[in-house]
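The values are calculated or read from the model by the stated rules, or taken from the named source; none is laboratory data. Being a predicted model, the structure only gives us computed values, none of them experimental. Cβ atoms come from the backbone with ideal geometry, glycine included; neighbour counts cover every protein chain shown.
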Amino acid sequence: MGLISDELYQSLKSSCGDEYQNVDPNNEMCLRYLADFEKCVSGISEAHILEPRCPSSLPKPKELIFGRLRSLHETSQSSITSEPSLPPIACRSYKSTLATYWANDDMVRRALGIRQGSKGKWERCLETPYTYDIESSFPFHVELSTKGYPALVYSGDHDFIVPFCGTQAWIRSLNYSIVDEWRPWLVQTQIAGYTRMYSNKMTFATVKGAGHIALYQKPKECLAMFERWISQKPL
């Protein structure tokens, strides 16, 4: 997406050896290039690189922030450390704030049939602290696929949290053979993304112009994608 230069990309690959999280503290070259990388991307919205960078409504319970080292965020002199001054309505995360107000409104609770005193404050599930995390879905997917369950794996192509190239690397690690080559899939004659089918009933698709939660930006396209897949039709 042109966020870093080709030269920086090659320098990161050669100095870090494809290891960007658990970096050897003695690898000064890798740390220096990672700091340069952070200078380029620290002001980018991770969930969708084209949207404004807003305060996140999600918790960060682990030391890693979207796969990058916290120390880089804390030490990079050129990183953007203060949140941009934007009106709340300009931020997609504002919907989460509004949802909390709405769900805890007395009139709403009565309309939903919640008896007074029976339930506490409503909270988004993602805001609930957790103590256990699944580091890899690889063994779970392998087990389900061997039982014949079909899978739809999709990525917004502007997602900076879990970029589609990372999803593709995960799929390659499964070592499934390709049964339908890379091609565009359409919605109302327009390209909505690109797709490829693998053995073991796996379909991979990108959603063009979408971010980390693809249906936020592309609800029509995501609905079409899901309806075709659940109906066992090609995208």
Check your understanding: So which residues in the stretch 167-189 are surrounded by fewer than 13 Cβ atoms within 10 Å (Cβ to Cβ) and outside any strand (DSSP E or B)?
Key -> 169, 172, 173, 175, 177, 188, 189
Study note, to complete from the structure: Those residues of the stretch 1-24 which are in contact (Cβ under 8 Å) with a residue 40 or more places away in the chain and of a type outside the set (S, T, N, Q) amount to 1, 3, 20, 23
Review point. So residue 156 fits all but one of (1) within 24 Å of residue 43 (Cα to Cα); (2) touching a Lys or Arg at 6+ places or on another chain (Cβ under 7 Å); (3) buried (at least 17 other Cβ atoms within 10 Å of the Cβ); what number is the exception?
Key: (2)
Study note, to complete from the structure: Of 205, 192, the only residue that is in contact with a helix residue (DSSP H, G or I) (Cβ under 8 Å, 6 or more places away or on another chain), under 23 Å from residue 140 (Cβ atoms) and in a strand (DSSP E or B) is 205
Check your understanding: How do the pairs read when you match residues in the stretch 105-127 that are free of Cβ contacts under 8 Å to residues at least 24 places away in the same chain with residues anywhere that are assigned to a loop (DSSP other than H, G, I, E, B), using Cβ under 7 Å and keeping only pairs 6 or more apart or on different chains?
Key -> 121/104; 122/104
Review point. Of the residues 36, 24, which is in contact with a Ser or Thr (Cβ under 9 Å, 6 or more places away or on another chain), acidic (Asp, Glu) and either modelled with pLDDT under 80 or farther than 27 Å from residue 213 by Cβ (or both)?
Key: 36
Check your understanding: Residues in the stretch 164-183: is at least one within 30 Å of residue 41 (Cα to Cα), of a type in the set (Asp, Glu) and out of contact with any strand residue (DSSP E or B) (no Cβ under 6 Å at 6 or more places or on another chain)?
Key -> no
Point to revise | Selection count, the stretch 142-184, where residues are among the polar types (S, T, N, Q) and more than 22 Å from residue 210 (Cα to Cα) | key: 5
